[in-house]
Amino acid sequence: MKAFECKMCGACCYGEGGIFLTGEEQVRIAGFLGISVEHFVHEYCETRNRRLYLKVGLDKFCIFYDQEKRCLIHSVKPQRCILWPYYPAIVGDEETWEQAKNGCPGINPDVSFDDFVKEAGK
């Protein structure tokens with residue numbers, strides 16, 4: 001039984017993002033969009049705490065999340081997005097995992113925390 005299977009519901013794409021980008025991710029996403037890295041950074045990113053983050057739209061979803069089409073950059077999404085929900089804070093704390101499980105329909109409610117942690121280690 002899988003601990004997590006993405007439903008592409010957008011729950012993890014909502015909110016003032018914590019999706020920071022590496023230089024490699026900037027190049028990859030800009031290439032996918034067919035624009036320069038400079039244009040990508042100017043149009044889709046913001047600097048906070050000396051890091052470059054993806055912006056959120058007026059609806060508070062990631063700028064690349066569309067309610068109907070879902071993730072518009074899914075094939076080149078940042079590592080932080082790929083890692084979800086296996087963030088160290090979630091894998092390392094059962095209470096945080098419970099909160100994530102309540103907000104993410106992709107986390108199997110029938111899987112134990114221990115099984116979730118084991119799947120994270122694969």
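The values are calculated or read from the model by the stated rules, or taken from the named source; none is laboratory data. Just so it is clear, the structure is predicted and the values come from calculations on it, not from any experiment. We place every Cβ from the backbone using ideal geometry, glycine too, and count neighbours over all the protein chains shown.
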Fill in the blank from the handout: Taking the range 82-102 and the residues there that are under 14 Å from residue 11 (Cβ atoms) and either touching a residue at least 40 places away in the same chain (Cβ under 8 Å) or in contact with a Phe, Trp or Tyr (Cβ under 6 Å, 6 or more places away or on another chain) (or both), the one that is surrounded by the fewest Cβ atoms within 10 Å (Cβ to Cβ) would be 84
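Hey, could you check the range 103-117 for residues that are assigned to a helix (DSSP H, G or I) and touching a residue at least 40 places away in the same chain (Cβ under 8 Å) and say which is nearest to the chain's Cα centre (by Cα)? Give the steps one after another, and end with the answer.
Step one: list which residues in the range 103-117 are assigned to a helix (DSSP H, G or I), which gives 103, 113-117.
Adding the requirement that they be touching a residue at least 40 places away in the same chain (Cβ under 8 Å) leaves 103, 115-116.
Values: 103: 14, 115: 22, 116: 18 Å.
The selected residue is 103.
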Handout entry: Test result for residue 71, within 28 Å of residue 31 (Cβ to Cβ) and surrounded by 13 or more Cβ atoms within 10 Å (Cβ to Cβ)
Key = yes
Completion exercise
Note on the range 1-26: residues modelled with pLDDT of 95 or more and exposed (fewer than 15 other Cβ atoms within 10 Å of the Cβ) are 22, 23, 24
Exercise for the section: Return yes when residue 86 is hydroxyl-bearing (Ser, Thr, Tyr) and modelled with pLDDT under 95 and no when it is not. Expected result: no
